[in-house]
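The values are calculated or read from the model by the stated rules, or taken from the named source; none is laboratory data. Everything numeric here is computed off the predicted structure, so don't read it as measured data. Here the Cβ is made from the backbone with ideal geometry for all residues, glycine too, and neighbour counts use every protein chain on show.
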Amino acid sequence: MNKVVVRLVALAVAVVVIVGLVVLGRGKEPQEMRFALVPKSVGHTYWEGVRQGMEAEARQRGVKAVFQGPPEASVEQQLKIIESLITQGYDGIGISPSDSKAVEEIIGRAINKGIAVVTFDSDSKDSRRLVYIGTDNREAGRIAGRLMIDLLGAKPQAQAGDETFLVQIIGGQPGAENLNERMEGFKEAVADVNISLADDLYNEENPDKALQVAENAINAHPDLDGFFCANAFGGPGVAPAIEDAIGRGQLEPHQIRVVAFDTTPDILNYIEEGVIDCTLAQQTQRMGKLSIEHLLRFAQQYQELGRFNPPPEGEDVIDTGVAVVRPEDVPQYRPEPKEGD
Ligand code: BGC
């Protein structure tokens, strides 16, 4: 081969190698990326805000995003959905774990495969999730405890004499980190006042169970003074149970004070009717929006560095905030009427 031919072959090889490197090494564009948010369930209106926030952010960033969860909260079904998203090669997954321990292994596996994982709404602190986005649940529980103290007029033990108030806390699924933290925060806040607590009850994120545990509590404790409902199923379970007991003459109106969680339309109605005293509003749209924002950021980081670079402990929690909703605040939590309504 003469020198010219050798040079041409070398040039051709170089061009092929360079083009190959460019094509293979090219990161995915945002519009080629797919993200998924996996709530505890999709069958409850609480999650609508998260879905809307997710969709708006995905549209703005030009990424694909799906909202996939079990119809009703189920630890096993949630794991199956996450497994299938991993198999389908999603670029990032946001999870609100029904059970914080049960998801640790699968989150670790996703991260090892280069799939970004964040938690939203409820955390799994001991997992390898990159950040948690949602309410500071312990602090929200403390706020709820202080609201109950005000409603009942509870006093520090030393000034209370013989008077005590009895409060029933109702959780959701026993393995849910967010609800357990709310329950613990509430207990911390009422620890030094004349409030005693009945044994914790759980509605397991089920509306029938939510009504049943409320009725059981009212019947078991004729002297009950308050309910703290740690999830969105709690208020709509407790309120009809109280109304029925009032109808039967078993309770006086306002004899039991109620601090609820969330601002679904049924909860807002019960506040206006005066059966629920107040509730804590969570920023669900923000949770959906920020989940997509951070998943995209981490997925791009993985493409650049070949690994995730999560923030250190203490900076890995993005607090979306809560607000107290009393009867006078209800109108601002009603959806804006749409054109033609
Ligand atoms: C919680 C969710 C829960 C929902 C429905 C909300 O307060 O943040 O984790 O699934 O209530 O019960």
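A few remarks follow.
- Output for the stretch 46-102, where each listed residue is under 19 Å from residue 287 (Cβ atoms), of a type in the set (Val, Ile, Thr) and within 13 Å of the ligand (Cβ to nearest atom): 50, 95
- Residue 127 vs. criteria within 16 Å of the ligand (Cβ to nearest atom) and touching a residue at least 24 places away in the same chain (Cβ under 8 Å): no
- Hits in the stretch 67-87 (condition: of a type outside the set (Gly, Ala, Ser) and either within 14 Å of residue 32 (Cα to Cα) or in a helix (DSSP H, G or I) (or both)): 75, 76, 77, 78, 79, 80, 81, 82, 83, 85, 86, 87
- Yes/no for residue 217 being modelled with pLDDT under 95, among the small types (Gly, Ala, Ser) and assigned to a helix (DSSP H, G or I): no
- All positions within the stretch 139-164 that are within 25 Å of the chain's Cα centre (by Cα) and more than 13 Å from the ligand (Cβ to nearest atom): 139, 142, 143, 145, 146, 147, 148
- On the stretch given as the stretch 131-165, residues that are over 25 Å from residue 207 (Cβ atoms), modelled with pLDDT of 95 or more and outside any helix (DSSP H, G or I) total 10.
- Count of the stretch 33-58 residues which are in contact with a strand residue (DSSP E or B) (Cβ under 9 Å, 6 or more places away or on another chain) and in a helix (DSSP H, G or I): 9
- Condition check for residue 210: over 17 Å from the mean Cα position of the chain (by Cα), within 15 Å of the ligand (Cβ to nearest atom), part of a helix (DSSP H, G or I) and under 24 Å from residue 121 (Cα atoms): yes
- Selection over the stretch 111-124 of residues that are free of Cβ contacts under 8 Å to residues at least 40 places away in the same chain and either surrounded by fewer than 23 Cβ atoms within 10 Å (Cβ to Cβ) or basic (Lys, Arg) (or both) gives a count of 2.
- For beta carbons closer than 7 Å, sequence separation of 6+ or different chains, a first residue in the stretch 30-56 that is closer than 22 Å to residue 91 by Cβ and among the charged types (D, E, K, R) and a second that is part of a helix (DSSP H, G or I) and more than 9 Å from the ligand (Cβ to nearest atom), the qualifying pairs are 51/288.
- Count of residues meeting criterion [in contact with a Phe, Trp or Tyr (Cβ under 8 Å, 6 or more places away or on another chain) and part of a loop (DSSP other than H, G, I, E, B)] in the stretch 183-207: 4
- Restricting 276, 271, 267 to residues that are more than 15 Å from the ligand (Cβ to nearest atom) and touching a strand residue (DSSP E or B) at 6+ places or on another chain (Cβ under 7 Å) narrows the list to 271.
- Any hit, the stretch 191-203, residues being closer than 28 Å to residue 103 by Cβ, without any contact (Cβ under 8 Å) to a residue 24 or more places away in the chain and either surrounded by 15 or more Cβ atoms within 10 Å (Cβ to Cβ) or not polar (S, T, N, Q) (or both): yes
- Filter result for residue 317 (within 16 Å of the ligand (Cβ to nearest atom), surrounded by fewer than 23 Cβ atoms within 10 Å (Cβ to Cβ) and among the aliphatic types (A, V, I, L, M)): yes
- The one condition in (1) of a type outside the set (Lys, Arg); (2) touching a helix residue (DSSP H, G or I) at 6+ places or on another chain (Cβ under 9 Å); (3) at pLDDT below 80 that residue 50 fails to fulfil: (3)
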